[in-house]
1. By how many nm would the segment from A438 to E168 lengthen if fully extended, with 0.36 nm per residue of separation less the alpha-carbon distance?
2. Charges only on Cβ, +1 for Lys and Arg, -1 for Asp and Glu: so what's the dipole of the chain about the Cα centre, in debye to the nearest 20?
3. Gain in length, A249 to T50, computed as 0.36 nm per residue apart minus the alpha-carbon separation, to one decimal in nm?
4. Against the longest principal axis of the chain, how steep is helix 207-230, in degrees 0 to 90 to the nearest 10, with axes from Cα atoms?
5. I'd like the orientation of helix 235-257 relative to the chain: the angle between its Cα long axis and the longest Cα principal axis, in ° from 0 to 90, rounded to 10.
6. Between L369 and T305, how high is the FRET efficiency from 1/(1 + (r/R0)^6) when r is the Cβ-Cβ distance and R₀ = 22 Å? Nearest 0.05.
7. Taking 7 Å along the Cα-to-C-beta vector as the label spot, tell me the R14-E106 distance in nanometres, rounded to one decimal.
8. Across the range 81-96, in residue order, what do the Karplus-derived ³J(HN,Hα) couplings come to in whole Hz, using 6.51 cos²θ - 1.76 cosθ + 1.60 with θ = phi - 60° and x for Gly and Pro?
Amino acid sequence: MSVLTPPEAGRRNRRWLGLAVIAAAQFMVIMDTSIIGVALPEMQRDLGFTPENLSWVFNAYVVAFGGLLLLGGKVSDVLGARTVFAAGWVVLAAGSLVAAVAGNVEVELAGRAVQGAGAALVAPSALTLLMMLFGGNPRELTRALALYGAAAPAGGTAGVFLGGVITEYLSWPWVFAINIPVALLVLALVPSSMPAGRSGTSRRVDVVGAVTVTAGLAALVYAVVQAPEVGWGAARTWWVLGAGVLLVAVFVAQQARGRDPLVRLGILRAPDLAAANLAQLLLGAAWIPMWFFLNLYLQQVLGFTAFPSGAALLPMTLLIMVGMVVLAPRVLALLGVRTATVTGLVLLAAGMAWLAMIDADGSYAVDVLPASLVAALGMSLAFIPTLGTAISAAPPEEGGLASGIVNTSYQIGSALGLAVMTAIAAGAGADRLGDVGALTEGYSAAFVGAAVVAAVGALASAVLLRGRSS
């Protein structure tokens, strides 16, 4: 049995303290996508949101987050992950302060967008730092990725619970203000827990590319969100959709021709990287709509108030954390990347399909709990293999870029998935507030749509992922 010398023990403890800070960062940036869910009715009343625009409290954050993640990954490679990680927390705290004190819709959405920009700096640099801390030890890296991976969906689900507690016993501005003391604590720990150094040598950052792709993604989400109100056949819908597609196409052309692009398109030729990112995109597109509409079903149909609604999703959070930390690494070691991913996505689709059978006179114990646990188990099995594959497939000097790409895939999948499922739900009756029968039909339709997305993800992963078989 080997004994660690004091310097070795110190370095080991520093690694795990660094992982705790990184996992906390991932928990917080994902929690910020969900913590507002329970608070939305009060925000709508206090700030004057229309029912059609209320989803932008979520989308303003996610579009800025997802659209700027590639820029965050590139800046991390240029300036150093530790520097960008700290800067991201400063920006996130500033946006949180603006969102907390907002007195109208415009300021609130601006604060949420600034929060998203800060998260776009934090997330890819956090993954780069994780690889710097644990990349030399495959066994420790697997454990570190499991803990990091558990922090993401746990943050999303725990955000609903915390949002319920805060909204019930404090007030909705505190769902944003909670970020500020956390940011100060993280900033205090960064110098002692995070490695310094740069990941790459490039000094140029493609700001034009970042603006182009962010604008294109925002246009696509906006078009889908507004389509139920203005009509899918309306010229406005198709003009905005066309503009979004054109901007994304311009971005891809820029990256293909640029001397020092934001995204070196050749990176996608790395084995399994593109397939793993597609799986992450579809995973986000299925998972985020599930908790969004599940929370609405609990409150608007079953009559739960803010705190019970958040508490009702705690079993999912606990199962995800146990599944990702304990079960997923063992399944991955036993079955390999492809089989573990497909199994997880199939279970996620099954859980969604089960939730689609909700009833207007249903109950939490029968209609929600068992189906949500099946979905949570599927999420925990699919997330870790695809995340690890997407990061490790890239060359080490492009770790920030790979981290930015996989985070972008998940966040943009989340935004587009929620936009599409919101449109489906509204078309099936979810826009008729107060009519629990119509609301149930709408939410059921959204769960069906999410189940289809997860099933497509399972099929795509079975065909495209080549990961090891054992």
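Where a number appears in this text, it was derived from the coordinates with a stated rule and is not lab data. Being a predicted model, the structure only gives us computed values, none of them experimental. Here the Cβ is made from the backbone with ideal geometry for all residues, glycine too, and neighbour counts use every protein chain on show.
1. Working: separation 270, 0.36 × 270 = 97.20 nm, distance 2.69 nm.
Separation in residues times 0.36 nm, less the Cα-Cα distance, equals 94.5 nm.
2. Values: 23 positive and 22 negative charges, 400 e Å.
Roughly 1920 debye, rounded to the nearest 20.
3. Values: separation 199, 0.36 × 199 = 71.64 nm, distance 3.23 nm.
Value of the extension gain: 68.4 nm.
4. For helix 207-230, the angle is close to 20 degrees.
5. Helix 235-257 sits at roughly 10 degrees to that axis.
6. Working: r = 18 Å, r/R0 = 0.82.
E(calc), rounded to 0.05, equals 0.75.
7. 4.9
8. 3J(HN,Hα) across the range 81-96, in whole Hz: 5, 5, 4, 5, 4, 5, 4, x, 5, 5, 5, 4, 5, 5, x, 5.
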